[in-house]
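Some notes on the structure that comes next.
Please treat every number below as a calculation from the coordinates, not as lab data. Remember, predicted model here, so these are calculated numbers, not experimental data. Positions of Cβ are generated from backbone atoms using ideal geometry, with glycine treated the same way; all protein chains shown enter the neighbour counts.
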Amino acid sequence: MKLELKDLEMLMEKFESSSLSEMSVSDGDFKFAFKKNTQSDCIKKTNIESVTSALNTEPEALEVKETTSVSSNTESEGSYVTAPVSGIFYASSKPGAPEFVKTGNKVKKGDVLGLIEAMKVMNELLAPKDGIVTKINVTDETFVEYGQEIICLKDC
């Protein structure tokens, strides 16, 4: 069986409307995992170019829903933006480029805070609200787990 783009889109739609919280699909060398983040505050559609060659389609034809969630923190430093997927965290868009954010930076809702690469797909970690970055818990090119607290934002 060869998984095609229309099949992947159909699976995504079925999964989104189902009561499942996780689902895995494999087709030869390609493996796809779907997870719902029930604490999501921000949803954004993003073009994913890195999987287009595997699916033999144009970059504009493939869109994936992204989620960024926030966990409460009892300390006065703010609330954490957590990893929507497990993967490798990147603080910048490419090696040698400036970091998306640093401690002390002001961000607006929807700003990119970092990237997480999972299954050769770059997922944007988005600011769910306006705030000031008070803490960054991970360094560039480190593995992060689903739900791990990545960046702390304090209301401004």
Can you give the FRET efficiency to the nearest 0.05 for Ser24 and Glu99, using r as the Cβ-Cβ distance and R₀ = 25 Å? 0.15
What ³J(HN,Hα) values, in whole Hz, does the Karplus curve 6.51 cos²θ - 1.76 cosθ + 1.60 give for the range 102-116 when θ = phi - 60°, with x put for Gly and Pro? 10, 4, x, 5, 8, 10, 10, 3, x, 5, 7, 9, x, 10, 10
Over the Cα atoms of the range 69-154, what is the Rg over Rh ratio if Rh follows Kirkwood? 0.93
Name the residues whose placed amide hydrogens come within less than 5 Å of the amide hydrogen of Gly114, ignoring near sequence neighbours (fewer than 5 apart) on the same chain. Leu125
Potential extension, Thr139-Cys156 segment - 0.36 nm per residue separation minus Cα distance: 3.7 nm
Once fully extended, how much extra length lies between Lys2 and Lys14, figured as 0.36 nm per residue of separation less the alpha-carbon to alpha-carbon distance? 2.4 nm
